[in-house]
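All remarks here apply to the structure that follows.
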Protein chains: 2
Amino acid sequence: MASTRERMVASTALLIREKGARATSIDDVLAHSGAPRGSVYHHFPGGREQLLEEATDFAGGYIAARISRGDGPLELLDSLIEEYREELVRTGYRAGCPIVAVAVEAGEPGSRLHEHAAAAFAEWRALLTERLVAEGVAAGRADELAVMVIAAVEGALVMARAARDAAPLETVHNQLRELVREELGEGRPA
Amino acid sequence: MASTRERMVASTALLIREKGARATSIDDVLAHSGAPRGSVYHHFPGGREQLLEEATDFAGGYIAARISRGDGPLELLDSLIEEYREELVRTGYRAGCPIVAVAVEAGEPGSRLHEHAAAAFAEWRALLTERLVAEGVAAGRADELAVMVIAAVEGALVMARAARDAAPLETVHNQLRELVREELGEGRPA
């Protein structure tokens with residue numbers, strides 16, 4: 001059973017991925033999590049900004065844990081994209097990636113939220129690179145490919161949300177699969 | 001000299017790419033464009049929603065016109081990415097793509113704005129496919145590659161904004177260049 005604090009962070013992440021950080025209010029988080037109003041400053045003395053930062057870290061950490069789970073690169077790509085696809089369909093294409101939602105609001109003055117989005121991308125990139133290197137891909141190429149995978153999946157999610165159709169995600173999935181497969185083939189000892 | 005109406009639409013597109021559609025108010029648009037308050041309902045009887053829709057169409061049309069300009073696919077990729085990179089650096093990494101900003105807010109109830117974002121992506125995709133086919137790439141492959149180019153560039157822009165560093169865009173640029181170059185090589189008569 002999640003604590004009130006954990007429920008508030010998870011609710012904030014779910015709200016951000018649908019509405020963006022800027023549009024997510026304390027009231028929205030209380031309504032979504034069922035937490036009492038007093039819990040905000042009790043658990044988050046930094047208020048809304050702290051809650052948004054922790055939600056961004058939580059969302060980044062969720063995907064990082066998935067990448068670290070030990071699947072091979074192709075199985076990881078398949079299962080992650082399938083999970084995103086299911087969430088898109090289940091929510092009527094409203095639920096994208098909270099990290100992207102935070103990053104595109106990077107212009108908000110005074111907020112350091114974009115640094116938390118950048119940290120999430122950097123962690124995914126390092127973990128993906130590690131997984132590719134573990135399968136024999138050269139480090140430099142693994143890093144490039146990790147950037148490409150993250151960029152293309154995130155971009156395809158945005159296109160799928162706009163069109164309310166998962167097809168762009170499937171098209172990008174097939175092409176990334178091919179790119180990764182080629183590297184694994186070349187990286188394996190003959 | 002742009003008309004008041006044109007200035008208002010262009011201002012709205014510039015504001016959307018930094019702040020998102022949801023956070024862009026009529027007051028912001030008036031301040032940015034210098035238009036008098038009475039001009040809103042005179043030029044846009046549908047109010048803020050009409051202004052946001054027209055700004056989305058304007059931003060989509062700007063890139064569509066760039067794609068149609070007649071450059072070869074590689075030159076087009078180079079010049080478009082360079083333009084995005086310059087805008088990122090010039091604005092302190094605040095200016096991303098307005099179409100993405102609109103698409104990630106696709107959850108707003110009652111708004112049809114996401115349909116305008118989807119129309120922009122669809123137009124870019126069709127025009128990019130056309131340019132690739134004109135260079136000898138098979139239609140099905142050209143369409144897949146067009147989706148990949150749009151997704152990866154948009155995702156890389158988001159990563160670059162978060163990190164306040166254009167490196168992800170450059171990494172993706174090199175890899176997309178390689179993918180396109182391979183297809184052009186194969187598509188050309190020997």
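Read the figures in this text as sums done on the coordinates, not as results from a lab. Computed from a predicted structure; not experimentally measured. Counting neighbours? That spans all protein chains shown, and the Cβs are built from the backbone with ideal geometry, glycine included.
Here the gap between A:ARG48 and A:ARG177, fully extended at 0.36 nm per residue and compared with their Cα-Cα distance, gives a gain of 42.5 nm.
Mean residue ellipticity, 222 nm, helices only, chain B: the sum of -39500 (n - 2.57) across DSSP H runs of n ≥ 4, divided by residue count and rounded to 500, is -24500 deg cm²/dmol. Build a GNM of chain A with springs between Cα atoms under 10 Å apart, and of A:ALA95, A:ALA162, A:ALA21 the one that fluctuates most is A:ALA162. Considering only B:PRO109, B:PRO36, B:PRO73, the Gaussian network model of chain B with Cα springs below 10 Å gives its largest mean-square fluctuation to B:PRO109. Largest GNM mean-square fluctuation among B:LEU14, B:LEU179, B:LEU145, using chain B with Cα springs under 10 Å: B:LEU179.
Take B:VAL89, push a point 7 Å out from Cα through the beta-carbon direction, and compare it with the same point in every other copy: 4.4 nm, smallest first. With N counted as the residues of region A:58-130, its alpha-carbon radius of gyration over 2.2 N^0.38 Å works out to 1.21. Computed over the alpha-carbon atoms, region B:56-187 gives an Rg to Rh ratio of 0.97, Rh here being the Kirkwood radius from the mean inverse distance. Counting from the shortest, the label point at A:ARG48, 7 Å from Cα toward Cβ, is 1.5 nm from the same position in each remaining copy. Overall dimensions of the protein assembly as shown, expressed as equivalent-ellipsoid semi-axes from the Cα gyration tensor (√(5λ), whole Å, largest first), are 32, 30, 17. Residue-wise HN-Hα couplings along region B:55-69, as the Karplus relation 6.51 cos²θ - 1.76 cosθ + 1.60 with θ = phi - 60° gives them from phi, are 5, 5, 4, 4, 5, x, x, 4, 5, 4, 5, 4, 5, 7, 5 Hz; Gly and Pro carry x. Rounded to the nearest 10 degrees, the inclination of helix B:4-19 to the longest alpha-carbon principal axis of chain B is 70 degrees. Copy-to-copy label distances for A:GLY72, where each label lies 7 Å from Cα along Cα-to-Cβ, are 3.9 nm in order of increasing length. For region A:27-100, the normalised intensity computed at q = 0.19 Å⁻¹ comes to -0.93 (log10 of I(q)/I(0), Debye sum over alpha carbons, equal scatterers, no solvent).
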